[in-house]
1. Compute the length gained on full extension between Tyr133 and His45: take 0.36 nm times their separation in residues and subtract their Cα-Cα distance, giving the result in nm to one decimal.
2. Leaving ligands, DNA and RNA out of it, report the carbon-plus-sulfur percent of the accessible area of the range 111-203 at a 1.4 Å probe.
3. Find how much the distance from Thr392 to Thr93 grows on full extension, using 0.36 nm per residue of separation minus their present alpha carbon separation; answer in nm with one decimal.
4. How much mean residue ellipticity at 222 nm does the chain get from its helices, if each DSSP H run of length 4 or more adds -39500 (n - 2.57) and you divide by all residues, to the nearest 500 deg cm²/dmol?
5. Where in the range 58-95 does the amide nitrogen come within less than 18 Å of the point 7 Å from the Cα of Glu109, taken along Cα to Cβ?
6. Amide H of Gln263: which non-local residues (sequence gap of 5 or more, or other chain) have their own amide H closer than 5 Å, using H built in the peptide plane?
7. Arranged from highest to lowest average of other beta-carbon atoms within 10 Å per residue, in what order do the peptides 234-245, 82-93 appear?
8. I'd like the Karplus ³J(HN,Hα) series for the range 80-96: coefficients 6.51, -1.76, 1.60, θ = phi - 60°, whole numbers in Hz, and an x wherever there's a Gly or Pro.
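The values are calculated or read from the model by the stated rules, or taken from the named source; none is laboratory data. Please read these numbers as outputs of a predicted model, since none were measured by experiment. Here the Cβ positions follow ideal geometry from the backbone for every residue, glycine too, while neighbour counts run over all protein chains shown. The area values use the complete protein model at the heavy-atom level, side chains included, leaving out ligands, DNA and RNA. Shrake-Rupley method; radii C 1.70, N 1.55, O 1.52, S 1.80 Å.
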Amino acid sequence: MIDQLFAQLSFVDIFNFCVFLVFTFCYAYQLYYVFVTLTRRPPQHISTVDHKFAVLVSARNESAVIGDLIHSIRVQDYPSDKIDVFVIADNCTDDTAEVARAAGAHVFERENADARGKGYALDYGYQRIQQFYGEEGYEAYFVFDADNVLDVNYFREMNNTFDSGAIASTSYRNSKNFASNWISAGYGTWFLREAKYINQSRLTLGTSCAVSGTGFFIRADVLERAGGWKWHLLTEDIEFSTSTICEGGRIAYCPTAVVYDEQPTTFRDSWNQRERWAKGFYQVFGKYGMGLVRGMFKNPKGSRFACYDMLMTIAPGMLLTITMIIFNAIIIALSLAGMMSTGQMVASSLSSIVFCLLSYMAFMFLNGVLTVFTEWDSIRTTTARKVRYLFTFPLFMITYIPIAIAALFMKPEWKPIKHTISVNVSEYATAQAPRR
C-alpha cells in the first residue's frame with residue numbers, strides 16, 4: 001500500500017515538475033530580453049527622404065472617435081501631402097462615413113455581412129486604393145484602429161524606420177484610458193510591457209518583432225506581392241507577422257512612435273475580445289506552427305531564432321498551465337471518489353494547483369512592477385492609481401485561464417467593441433516620449 005501510494009505521488013510530482021520545466025525552458029529567453037532592454041540601446045536611423053504613405057482605417061460605427069484620429073494625422077510634424085487617409089466604413093449603421101469625410105479622409109463604404117472582420121475590410125480598402133488611387137505611388141500602408149490618437153511626431157519617427165529598409169514595423173502602444181479602471185489598466189500594462197520588453201529587445205538584437213492590432217506599416221511591395229491583405233484569421237495581425245517570419249522576413253519596431261489606443265472597460269467586452277484573440281492564436285498556430293518549426297532549421301541563420309520566438313508567441317503556452325490544473329483536479333476528484341488513495345495525494349495535487357496559480361500571479365506582478373516603474377512618465381494617471389493597478393494586473397492576467405479554455409470551444413466570430421472616449425491630440429502634447 002505504501003509503495004503504491006509512493007508511486008502515485010511520484011507520478012503526480014514528476015508530471016507537475018515536467019510541465020514546470022518545459023514552460024521555464026521554453027520562455028526563459030524572455031528574461032534575457034529584459035536584461036537587453038535595461039542594458040542596451042536600440043539602433044537609431046535618421047531618414048533623408050520624406051516618403052509617401054497611405055493610411056488604412058477599418059471603422060465600424062466609430063463616429064464618436066474617428067474624427068480625433070484623422071485630426072491627429074492632419075497635425076503631424078510631417079508633410080501633409082505625403083499622407084493620405086482612407087477609411088473603410090465597414091457595415092456601419094451610424095454616420096461614421098460622414099464624420100470621416102468631414103475630417104478630410106477618403107471614405108470607402110463596405111456592405112458585406114458574410115466576409116466579416118478587419119482583415120476583409122483592409123483588403124477591400126487596399127483594392128479600392130489600387131483601383132482609384134493607384135498612380136499616387138504610396139510606398140507603405142499604415143494600419144490604425146478608429147479609436148487611436150497619434151503623437152504629433154509619429155510619422156516622422158516611423159519614416160525613419162521605413163527609410164532604414166524595414167518591410168514592416170510596429171510602434172509604441174500606449175493607452176488613452178489607462179486610468180478608467182482595472183481592466184483598461186491591465187490592457188495598458190500588458191501593451192507597454194510588449195513594446196518595451198519584447199519588441200524593443202527584438203529590435204536591439206536584430207531579430208523580428210510582431211505587429212499587434214494597430215499602429216504599424218507594411219511596405220507597398222509586400223502587399224503587392226501578396227495581392228492585397230490576404231490574412232483573414234481572427235487575429236489577422238499575428239497571422240501576417242507569422243507568415244512574414246516563416247518566409248524569413250523581419251518586422252521592425254520604432255520605440256519613439258507613439259500610438260494611443262482605447263481599451264475596453266467592461267469585463268464582458270474584455271472577455272469577448274480576449275476570447276477572439278485566444279481563438280485566433282490557436283488558428284495561427286494550427287496553420288503556421290509547422291512552418292515555424294521548419295524555419296527554425298531551414299531559414300537563413302539570421303531568421304531562425306525569430307521563428308522560435310514567434311512559435312513561443314503563438315504556441316498555446318497557457319494550455320500547459322491549464323493542463324496541469326486539470327490534471328491535478330482530476331487526481332483530487334478521483335481521490336475523493338475513493339478510486340485512488342487520498343490524504344497525501346489530495347494534498348499534493350492541491351498544493352500543485354495553488355503553487356501554479358500563485359507563481360503565475362507573482363510572475364505577472366513582477367512584470368507589472370518592472371513595466372510601470374520604467375514607463376512611469378508615459379502612463380497618464382495619478383501615482384495612486386499606478387500603484388493600485390499594480391495589484392490588479394495579476395488578477396486581469398489570470399482571467400486568461402478561463403478565457404483560453406472557452407476559446408477552445410468557441411465559434412469564430414468578430415464582435416465589435418464600442419469606443420466612446422474622444423480626446424484631442426493636443427492633450428498629449430506635453431506627454432513625455434518613451435525613453436530608448
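1. Numbers: separation 88, 0.36 × 88 = 31.68 nm, distance 3.01 nm.
In short, 28.7 nm is gained.
2. The nonpolar share, carbon plus sulfur, comes to 41 percent.
3. Separation in residues times 0.36 nm, less the Cα-Cα distance, equals 104.0 nm.
4. -17500 deg cm²/dmol
5. Of the residues in the range 58-95, 58-64, 66-67, 86-95 have backbone N under 18 Å from the label point off Glu109.
6. Lys176, Asn177
7. The packing order, highest mean first, is 234-245, 82-93.
8. Whole-Hz 3J(HN,Hα) from phi for the range 80-96: 5, 6, 9, 10, 10, 9, 10, 9, 9, 7, 9, 6, 7, 10, 10, 9, 3.
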